[in-house]
Amino acid sequence: MRDSISVVISAYNESESVNELYKELTKVMKELPLKTYELIFVDDGSSDDTYEKCQKLQKKDSHVKIVHLRRNFGHEIAMTAGMDYAKGDAVVFMDADLQHPPHYIKDMVKYWQEGDDIVLTKRVENQATSKFYDFCAASFYKILNFLSDTKIPAKTPDFRLVDRSYVDFLKKFNEQDRLFRGLLSWAMPREKVKIIDFVAPDRFAGVSKYNYRKSLALAFNSIVQFSTRPLRMSIYLGLITAFISGCLGLYVIIEHFILRHPTPGYATIMTTVIFLGSIQLIVLGIIGEYIGKIHMEVKKRPLYIAEYKDNETKDKK
Ligand code: UDP
Ligand code: MG
């Protein structure tokens, strides 16, 4: 059956946008050919009054459900928590800042009801980011897709519809450190995916929670999660430097015994030692990243701690 939708909205300090988003979303949802829908606001441990605003909405509209995370767990976990509580035949994921305009949900639902299992969006323009940021993002996807076997399409943000069959499948992944779009690419049936172009406007209010530092951390994480190729490349790097130092050694021997004018040692030794030391540190760092991930994953901690609220169940864990 394809007649009920859960919209999962991750919100972290989005107090100023929540009401406007609710208004626009409700208007769209009411026009859709659906039996029922639910709007799941996931409050990702906001420190402003996002949660209180959601509670007010929930009191007046039973379509509104709240997943209240006890602290800030990050966007990826917030989406996971919302998905875990969703009951619809499909789940639409979106941000709370109106950068994912609700009216595109009409097309998503149309394609889904026509038989597509996953409807992605492709951002043809982002009015909120600088040219430099767009360049960094594009370079990151090139590097990621070069390193990884799981290809993740660029410019496909976390605004998408996923059919229940794939939602149930995605729920089986319980890795701590997750990148939703990567997991989806891993599982995706290419032939039943539709992509809609969209223009992302600037935020309705507030500021982005992803600064350059957080985006870079996400980029590194994504590479480590979806590829072990950097480990293999460390071996190649070791082989290349071994070759270079072999050539250097040969040159020194030739200079000493054949050309008979020995190279002054100090500068050469220092440069070589620093060069090899840096390579070793880089390689150790790469290995460390992977060991760190293993360390976090083997603990098998719960992904989040949440309270769920809807009109029937006032307080359920
Ligand atoms: N978000 C979240 N938890 C976080 C950071 C962000 O739930 O720790 C939400 C945020 O409220 C927004 C969405 O994730 O609805 C995307 O974040 P943001 O708009 O800051 O990212 P950008 O669009 O600038 O990449
Ligand atoms: Mg945003």
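Every listed requirement among (1) out of contact with any Asp or Glu (no Cβ under 7 Å at 6 or more places or on another chain); (2) within 24 Å of Glu24 (Cβ to Cβ); (3) more than 16 Å from ligand 2 (Cβ to nearest atom) is met by Thr121 save one, (3).
A count restricted to the stretch 91-122 and to residues that are over 16 Å from Phe180 (Cα atoms), away from ligand 1 (no atom under 15 Å from the Cβ) and out of contact with any Ser or Thr (no Cβ under 7 Å at 6 or more places or on another chain) stands at 13.
Among the residues of the stretch 154-177, the ones that are without any contact (Cβ under 8 Å) to a residue 40 or more places away in the chain and not polar (S, T, N, Q) come to 6 in all.
For Leu21, the criteria (1) crowded, with 23+ Cβ neighbours inside 10 Å; (2) in a helix (DSSP H, G or I); (3) more than 10 Å from ligand 1 (Cβ to nearest atom); (4) in contact (Cβ under 8 Å) with a residue 60 or more places away in the chain hold in every case but one, which is (3).
Here is a yes/no grid of residues against (1) over 22 Å from Glu125 (Cα atoms); (2) within 16 Å of ligand 2 (Cβ to nearest atom); (3) out of contact with any Lys or Arg (no Cβ under 7 Å at 6 or more places or on another chain):
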residue: Ile143; (1), (2), (3): no, no, yes
residue: Ala154; (1), (2), (3): no, no, yes
residue: Val162; (1), (2), (3): yes, no, yes
residue: Asp168; (1), (2), (3): yes, no, yes
residue: Glu175; (1), (2), (3): yes, no, yes
residue: Ile195; (1), (2), (3): no, no, no
residue: Gly206; (1), (2), (3): no, yes, yes
residue: Ser215; (1), (2), (3): no, yes, yes
residue: Ile223; (1), (2), (3): yes, no, yes
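Of all residues in the stretch 30-81, those satisfying the criterion of being within 24 Å of the chain's Cα centre (by Cα), more than 16 Å from ligand 2 (Cβ to nearest atom) and of a type in the set (Ser, Thr, Tyr) are Ser47, Tyr51, Thr80. Meeting the requirement of 2 or more residues that are farther than 27 Å from Ser46 by Cβ, the strands (runs of 3 or more DSSP E) wholly within the stretch 59-136 are 118-126.
Tell me, which helices (runs of 4 or more DSSP H) lie completely within the stretch 207-307 with 3 or more residues that are among the charged types (D, E, K, R) and under 29 Å from Pro157 (Cβ atoms)?
265-298
If you go through the stretch 151-161, how many residues are surrounded by fewer than 18 Cβ atoms within 10 Å (Cβ to Cβ) and away from ligand 1 (no atom under 16 Å from the Cβ)? Count: 2.
Of all residues in the stretch 74-98, those that are under 19 Å from Arg2 (Cβ atoms) and at pLDDT 95 or above have Cβ atoms under 6 Å from Cβ atoms of residues that are assigned to a helix (DSSP H, G or I) and within 16 Å of ligand 2 (Cβ to nearest atom), 6 or more apart or on another chain, in Phe93/Met79.
The values are calculated or read from the model by the stated rules, or taken from the named source; none is laboratory data. What you are looking at is a predicted structure, and each value in this text was computed from that prediction instead of being measured. Neighbour counts are summed over all protein chains in view; Cβ atoms, including those assigned to glycine, are modelled from backbone coordinates with ideal geometry.
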